[in-house]
Amino acid sequence: TRRAAFDRTANVFWQKASYNKTAEYLFVPGDEPPEITINKTVTDDGIQMDAAVENTKTIGDVTITQGASGDTRAIMVAGGNVGTEYKGIEYVEAVNNKERKSIRTETTVGWRSMTASCPDADGISAGTGTARIAIKMTITTPQTIGIVQREITVRMTLKGFVNDAAELTHFDMKGVAAEINSGYERARRLGLIQDSEFTDGTKQVDYEVGNNKLGSPVVNEYGFTRTVGEEMGEVKGTFRGDITQAEAQRIDKIAYRHIKWLCEQAAMYYKAARSNWRYGECVEIAFTAPKMKLAPAEKVDVTAETVHIYDKNKVNAELTLKAATDSATPEKESGTPKGKFNLTAPAKGSNAMIMLETVSRRGIALDSLDFEEEKPQKKPVPPKKKPRVKQCEGGWTGKITAVKSKRTETVKPASGRLVRQIENREETFSVDYYVLGIADTTQGFRNAYFSDAQMNYRAAEYRESNYAPGKMGCGDQIITTPQTQKFESLLTGLSGKRITVYVSSAGEKGILTFDSPEINAERIITRTYESSCPSYNAKNSSVDRSGALIGVPSPGFEIEFELDDKSGYVLEGSKTIENGDGSKTVVTWNLSRCK
């Protein structure tokens, strides 16, 4: 019990922060340690989990306490980092109350590993990895107290290289392993320990591990996926400072395990990041076209460019035609950053669509642009002479309702395990105007009338991704399960304000012009994961509410309509307008004034 050894057990680094059953001599047969309660908290950047346990036994004059505590944080930030952070502490304390002596051994194990979820403009996915193990022994006697501690910490920087095909070719690791010892010289002088292997001070070894490979997923004939070709690169170490060969070998014995573990962790999170940037989570395609309604067989030039979702920078990428109605050329374009495609609309009765895939060192995305069919205009009817409109000088009163809405739906084709992906977006401004018959003369207009306006706003975005059965870890088991991921963002708001409505009813055309109230909306984001693993579903599903209101630009309206013989004292009608941005506006009005 007086020897301050470093490796308390052969596999101390790999133990989680939980009760250690290897010390069975502390407990009688059938006396199991208490169950561990794990607390889980959803944070802004991932998941936080912690647990603790302690048990005490008395053997003769000696009271022995053994326990553990630990916490794990999963880091998952879209457009940021993906990784984990872990710290666990295990301790054993023996107290002889009769002799007033005690010894407490405390082992701390921790690591932190993370990588960027999206490559940068040079195709680099940077990250960091840190692993630490420390043994602290506190020896107490009636005469004195001694504390000896040894710690080895490995800190590595990660650099992943992504090529123009959005594949991670390899990743490099570079860093240092530092051994920090303290308290040994004093403890030896006091006769508390007899260990002569360690001396106080700091010693370091530099490491480089290059050309680490992720490997490729392969599905066998039974539907199971395994990784082929994964390998760790050559580990190179060099001495730093005043350090002997024996000391370097001693540090390397543990540091190599740390480096191997960090390499495995880095590979795991690079795989997660790779799936992220290869499935449309880092880049998107921005389309532009001179018009959004096409006549049958009409040709139009569509310009496409790749844009990063988070930093909004344009990306040089290869653009590939994946689908089109009726046809489009060319099949590939080198977007530097723009590419141009010529789309031919289908025959009468169908809408045109073009779908492109972008591939670059910043990621892969599949997006489409939809057009409406342009209907031929009917021959104009010769205008009829309208009877003279009866004039009236009273103020207009009544109600105007304006509803502006837009809805888009996209279905993406299967790719890999992705069986289907749909995306719906819809936005609606609904405004009621109660025209009061009171003239607004502040601006010098005779056709301006006060009205009380109330607006309801709703914007919803929904995405659903369905994946074919695949392998995943669920607790202590590996299961095969299909998976569905759902994302819903709901933005809602309500506002009211007194608005000026301009009513023109002279001549052959009538015009209504009015703005809408300013509005601030609240956002609620719901993420739902569905698989055969309840713990995986609960860990990843969440409901988040925005902490602050979000300002939404309010629309303005102008409606032109035909006048009739009643227009001098009654204006009523309804009109639907197709807007250039793909939205639709429906306005209904019923106004009257003195006859």
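Just a few scattered comments:
- Sole residue being at pLDDT 95 or above, open to solvent by less than 60 Å² (accessible area, probe 1.4 Å) and of a type outside the set (Phe, Trp, Tyr), chosen from Ser327, Ser360: Ser360
- Scanning region 199-239 for residues that are under 37 Å from the mean Cα position of the chain (by Cα), at pLDDT 90 or above and either hydroxyl-bearing (Ser, Thr, Tyr) or exposed (fewer than 13 other Cβ atoms within 10 Å of the Cβ) (or both) yields a total of 3.
- Of the strands (runs of 3 or more DSSP E) lying entirely inside region 507-560, those carrying at least 1 residues that are surrounded by 15 or more Cβ atoms within 10 Å (Cβ to Cβ) are 509-514, 519-530, 550-552.
- Qualifying positions in region 290-313 - over 13 Å from Thr344 (Cα atoms), surrounded by fewer than 17 Cβ atoms within 10 Å (Cβ to Cβ) and in contact with a strand residue (DSSP E or B) (Cβ under 6 Å, 6 or more places away or on another chain): Thr303, Ile309
- The set of residues in region 54-90 being farther than 28 Å from Met114 by Cβ and open to solvent by less than 50 Å² (accessible area, probe 1.4 Å) consists of Asn55, Val62, Thr63, Ile64, Thr65, Gln66, Gly67.
- Odd one out for Ser196, checked against (1) among the small types (Gly, Ala, Ser); (2) surrounded by 15 or more Cβ atoms within 10 Å (Cβ to Cβ); (3) modelled with pLDDT under 85: (2)
- If the condition is being of a type in the set (Gly, Ala, Ser) and either part of a strand (DSSP E or B) or surrounded by fewer than 17 Cβ atoms within 10 Å (Cβ to Cβ) (or both), then region 249-286 contributes Ala272, Ser275, Ala286.
- Pair list, Cβ < 6 Å and 6+ apart or interchain, from region 77-93 residues that are farther than 22 Å from His258 by Cβ to residues that are outside any strand (DSSP E or B) and aliphatic (A, V, I, L, M): none
- Residue check for Thr157: part of a strand (DSSP E or B) and either surrounded by 16 or more Cβ atoms within 10 Å (Cβ to Cβ) or of a type in the set (Gly, Ala, Ser) (or both): no
- Among the residues of region 374-403, those identified as modelled with pLDDT of 90 or more and open to solvent by less than 50 Å² (accessible area, probe 1.4 Å) are Gly398, Ile400, Thr401, Ala402, Val403.
The values are calculated or read from the model by the stated rules, or taken from the named source; none is laboratory data. Quick caveat, the model's predicted, so the values are computed rather than measured. Here the Cβ is made from the backbone with ideal geometry for all residues, glycine too, and neighbour counts use every protein chain on show. For accessibility, only protein heavy atoms count, side chains too; no ligands or nucleic acids. Shrake-Rupley method; radii C 1.70, N 1.55, O 1.52, S 1.80 Å.
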